[in-house]
Each structure stands twice: as C-alpha cells, then as structure tokens.
1. Using a Förster distance of 30 angstrom, determine the FRET efficiency expected from the C-beta separation of residue 201 and residue 169, and round it to 0.05.
2. Starting from the Cα of residue 137, step 7 Å along the direction of its Cβ; do the same at residue 192; then give the gap between the two resulting points in nm.
3. Tell me the angle of helix 68-81 to the major Cα principal axis of the chain, expressed in degrees between 0 and 90 and rounded to the nearest ten.
4. With n ≥ 4 as the cut-off for DSSP H runs, can you work out [θ] at 222 nm for the chain, using -39500 (n - 2.57) per run divided by the number of residues, rounded to the nearest 500?
5. Which order results if 50, 42, 209 are arranged by neighbouring Cβ count within 10 Å, fewest first?
6. How compact and how long is the chain, expressed as Rg and Dmax of its alpha-carbon atoms in Å?
7. Once both axes come from the Cα atoms, what is the angle between helix 202-211 and the longest principal axis of the chain, in degrees from 0 to 90, rounded to 10?
8. Working only with C-alpha atoms, what are the Rg and Dmax values of region 33-145, expressed in angstrom?
C-alpha cells in the first residue's frame, strides 16, 4: 500500500460515514467528562488503550488472513467484545460504509469473502481487508484502526466545544508514538497467532448507551 492510499483510508473525508459518529464523545461532552483539550487528550488515550487495542488486533488479523472462514471468526470476536448494542450497531454501520467505498477504490477477491460473513461487517474487519486489498501490511491495518479510533472523538469534541482545530490536531499528533507502539504490538501478536485482546472501557459503554436514545443528538453514536 502506498502512503497516499494509507492516508486516504484514514482520511475523515472518505465517504464511509465515520464523520457521523463520535464514539460516545457527544455524551461525554454533555456529561462534563470532556471539557477542553486536556480532558479530550485523556479520553483519546483511554480509547486507544481499550477499544483501539482491540480494533488494531482485529484489523491486523483481517489483513493477514482475509479468507471467509477467518473473517467469520474475527467478526464473532468483534461482536462479543462490543458490550453495548449501540457500539455494535455503530461498528457495523461504519464497516458497511467503508466496504462500499474501499471496494471501489481497491478491488480484491477479499471483499467477496468479507461479503460472505455479513452485509455489514464490523469496522476493524473492513479496515483490515481494505489494507490487504491495497497491498498493505497487518501493521498498516492496525495503525489505521488506531488512527480512526481517535479521529472521530477528536473531530466531534472540536465541533461540540468549539475547540481550536490546531490544538486538537496537536493533541492527536502527541498520541502518534503510542499509536505506533500499539500497532507494532498488534501486528506482532497476530503474527504469533495470539487471540484478540479483550480490553474494554465501562465508561465508554455507558456513554454510547446513554447517547443512543437521545432525540437531540448531533452524532449517530
């Protein structure tokens, strides 16, 4: 995968629907957990070390073995690791959107294999197959999954709180070394045949669950 293709996959302007999701950040703002750039940085680090770690492993595994049988097993692993129904729905919605776009950008037989798993696969699986289709490595897939774990909350917080986009970008950039380390660890774990991790964040589950029934929400999740 060329650097340009990798950046395109991680670009929030990619019409896969990620811009419509905040991963519970909208509720975190309403409840006062996120108030400024510092508290946003805390939330992003927390997400990277929980949901991000899981997504990175699943994306790397999907990139490493994009066959129907392996993808079906990974989809099940993703399902049981998303405890909140709203989180599962958001993951599949973004997965469906990414498949729609990336399968046009990077044609591959792997998309047909993923289509045998579910009409709307979980988002990390779509990231992994997209990376494989573009000639990327499992580490590339893991890094994109981690990057996407942070961009949705960061973008949402900037919009909801009117934060300085430059400062928000600096917060994201400061997490780059952590993302690199986690991506390398995920790719290594997949290469060793380890099971996906099961890190979770009860606060994140609570936020997306409280957010789901709201009628006045700006974001879908």
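Nothing in this text is a laboratory measurement; each read-out follows from the coordinates by a stated rule. Quick caveat: nothing in here was measured; it's all calculated off a predicted structure. All Cβ positions, glycine included, derive from the backbone under ideal geometry; neighbour counts span all protein chains shown.
1. In this case the efficiency is close to 0.80.
2. Rounded to a tenth, the inter-label distance reads 1.8 nm.
3. Its long axis makes an angle of about 20 degrees.
4. -21000 deg cm²/dmol
5. 42, 209, 50
6. Computed over the Cα atoms of the chain, radius of gyration and Dmax are 16.0, 46 Å.
7. 70
8. In Å, with Rg to one decimal and Dmax whole: 14.2, 45.
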